[in-house]
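Read through the structure below, which is laid out as structure tokens, and then see the notes.
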Amino acid sequence: MRSLFQSTLLQLALFAGVGLVVGYELSSIWAGLALAAVIYIAIMLLNFRRVSDWLLLGARVEIPVANTFWTTIMDQISRIIRKLEVENSALKADVDFFKDSFEALDSAVVVIDERGEIDWANVAAQALLGVAIARDKGELLVNLIRAPEFISYLDSGDFSKPLKLHSPVDPKLSLEIQATPFRHEYVLIFVRDVSDLAHLESIRQDFIANVSHELRTPLTVITGYLDIIKGRDEQMPPAMLRVVDQMLEQSQRMDSMVNDLIWLSRLETLPEGQKTELIPLAGLIFGLIEEVRVSAPEKVVSFKLDQVAEGSSSDSVATSNKDLAVPAVESSVAIRGNYDELRAAFSNLLQNAIKYTAVDGCIEIIGAWQWDGFRLKFKDNGIGIDPVHLPRLTERFYRVDDSRTSSTGGTGLGLAIVKHVLIRHQAELHVSSREGHGSSFTCVFPAHLVTK
């Protein structure tokens, strides 16, 4: 580039020298310089026109004859164009490769821009969503898929969890939709057919529900006869009485398990948001504490409810199952939800705390407002749980210690019921525990479901 600059300066100097000579001959140096400048400019304009024509032809024809300055520039432009063509070909090949890969999928892939307009879709999108790229490119996707839950899913921008939806093409198809933003202005929507999984899940739910209901009658009969036999304990030898007691204990445990399974089936099959109402929290908790007074009179249960947001002074109310009576509490804190479901969830958490706390143990129930909503904590000073078990606590029939659970009469379904109830109320369960230092189960409700 430096030699090109020097060559151009040399040309200017040559034209200026010729202009001076001509001007000297014409007895006017300025006239000679002006004539040289006009000739130089004319040559530059002629070469510029050649370059312009060459560029208009796409810089693909042979470089026209020009001086060194323009020839060098055109040669560099030609190299840049060839490099860009190679890179563009490689990029196009990569794009074609990924498009062909998506086309080969049985799952639907749709790309929309920031306005929600369809930019690209594979062939499977037509079978699952009714989106044909040749026909629908540039159309708003929500105009083709009008399901309210899908529109809310896209508008929310929260794609951390997939969306379950029936296909707009065939309602018999169950779809799982997962959206992923990329390049700031695009969203890739991946849709797969999960009809087989949904069918298997439906079969499993029906099986559990039917078996649970079918077991209820024989268990009731067995428990009834065992109660009658135990009522005549004075006529039975001690060894036989122990056998009857064990049979009765196990039948009652089986009955509890059947009831829990029926609860789970109900939670899984019924739509969310049924029979919702504003439930006074203090009244619900005190009702549960009143029940515990009879079954575990030796354990202390206290309830504290902060009336204002965290960080401010607040009054609290407390009671114990050892009190003579449950005090009336004037509190406006209420949760919008299903009374039976919330009562079952809180009862399970309280019963767990009772079971795994020592005779002189203490259980605290604490309600408080925090930045992420309203938290209701069930805290005990019992035997605690090894943190390694915490991720799996809400799985069905998962037990930290089989012998310990058997001795306390647990079914391994209580926390699964709690999890399902909280999910149905847009809430979460947070668990923290350490062996020998007690456990803490916290229900976190969104602020819009709780009133002060």
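Across segment 159-171, which residue is surrounded by the most Cβ atoms within 10 Å (Cβ to Cβ) among those that are in a loop (DSSP other than H, G, I, E, B) and not basic (Lys, Arg)?
Ser167
Taking interchain pairs and intrachain pairs at least six residues apart, which have beta carbon atoms under 7 angstrom, with the first residue in segment 359-382 and in contact (Cβ under 8 Å) with a residue 12 or more places away in the chain and the second assigned to a strand (DSSP E or B) and acidic (Asp, Glu)?
Short answer, once both residue conditions are applied: Gly361/Asp380; Ile363/Asp380; Gly367/Asp306; Ala368/Asp306; Trp369/Asp306; Lys379/Glu364.
What are the pairs with Cβ atoms under 6 angstrom where one residue, in segment 392-415, is at pLDDT 65 or above and the other, located anywhere, is loosely packed, with under 13 Cβ neighbours inside 10 Å? Sequence gap at least six, or different chains.
Every condition considered, the pairs that remain are Tyr398/Arg392; Gly412/Phe397.
Restricting to segment 98-111, name every residue that is touching a residue at least 12 places away in the same chain (Cβ under 8 Å) and within 26 Å of Lys172 (Cβ to Cβ).
Matches in segment 98-111: Phe102, Glu103, Leu105, Asp106, Ser107, Ala108, Val109, Val110.
For the subset of segment 137-175 comprising residues that are small (Gly, Ala, Ser) and in contact with a strand residue (DSSP E or B) (Cβ under 7 Å, 6 or more places away or on another chain), which member is farthest from Ile112 (Cα to Cα)?
Ser174
For the structure I just gave you, tell me whether Ser265 is surrounded by 14 or more Cβ atoms within 10 Å (Cβ to Cβ) and modelled with pLDDT under 80.
Spelling it out, Ser265 is indeed surrounded by 14 or more Cβ atoms within 10 Å (Cβ to Cβ) and modelled with pLDDT under 80.
Please go through (1) at pLDDT 70 or above; (2) over 26 Å from Thr451 (Cβ atoms); (3) of a type in the set (A, V, I, L, M) for Leu324 and return the number of the only condition it doesn't satisfy.
All conditions are met except number (1).
Answer yes or no as to whether Ile279 is at pLDDT 80 or above and not in a helix (DSSP H, G or I). Steps first, please.
Details: at pLDDT 80 or above: yes; not in a helix (DSSP H, G or I): yes.
The answer is yes for Ile279.
Return the residue satisfying two criteria in turn: it lies in segment 424-445 and is closer than 18 Å to Thr276 by Cβ and at pLDDT below 90, and of such residues it is surrounded by the most Cβ atoms within 10 Å (Cβ to Cβ).
This residue is His425.
Matching residues to (1) surrounded by 14 or more Cβ atoms within 10 Å (Cβ to Cβ); (2) within 30 Å of Leu267 (Cα to Cα):
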position	(1), (2)
Val142	yes, no
Glu149	no, yes
Gly157	no, yes
Leu173	yes, yes
Phe182	no, no
Val187	yes, no
Val191	yes, yes
Gln205	yes, yes
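Would you check which residues across segment 103-119 are at pLDDT 90 or above, of a type in the set (A, V, I, L, M, F, W, C) and more than 23 Å from the chain's Cα centre (by Cα) and list them?
Ile118 - this is the single residue of segment 103-119 that is at pLDDT 90 or above, of a type in the set (A, V, I, L, M, F, W, C) and more than 23 Å from the chain's Cα centre (by Cα).
Just one of the numbered conditions (1) assigned to a strand (DSSP E or B); (2) surrounded by 14 or more Cβ atoms within 10 Å (Cβ to Cβ) is not true of Gln126; which one?
If we test Gln126 against (1) assigned to a strand (DSSP E or B); (2) surrounded by 14 or more Cβ atoms within 10 Å (Cβ to Cβ), just (1) comes out false.
Quick one: count up the residues across segment 349-363 that are surrounded by 19 or more Cβ atoms within 10 Å (Cβ to Cβ) and assigned to a loop (DSSP other than H, G, I, E, B).
Going through segment 349-363 one residue at a time, the tally reaches 3.
Listed residues Pro271, Pro297; which is under 37 Å from the mean Cα position of the chain (by Cα), part of a loop (DSSP other than H, G, I, E, B) and modelled with pLDDT under 80?
So the residue among Pro271, Pro297 that is under 37 Å from the mean Cα position of the chain (by Cα), part of a loop (DSSP other than H, G, I, E, B) and modelled with pLDDT under 80 is Pro271.
Within segment 304-318, can one find any residue that is among the acidic types (Asp, Glu), modelled with pLDDT of 80 or more and outside the structural domain of Ile203 (by TED's automatic domain parsing)? Working first, answer last.
First, pick out the residues of segment 304-318 that are among the acidic types (Asp, Glu): 306, 310, 315.
In the following step, the residues that additionally are modelled with pLDDT of 80 or more were identified as none.
No, segment 304-318 contains no residue that is among the acidic types (Asp, Glu), modelled with pLDDT of 80 or more and outside the structural domain of Ile203 (by TED's automatic domain parsing).
The values are calculated or read from the model by the stated rules, or taken from the named source; none is laboratory data. Note that the structure is predicted; figures quoted are calculated from it, not measured. Here the Cβ is made from the backbone with ideal geometry for all residues, glycine too, and neighbour counts use every protein chain on show.
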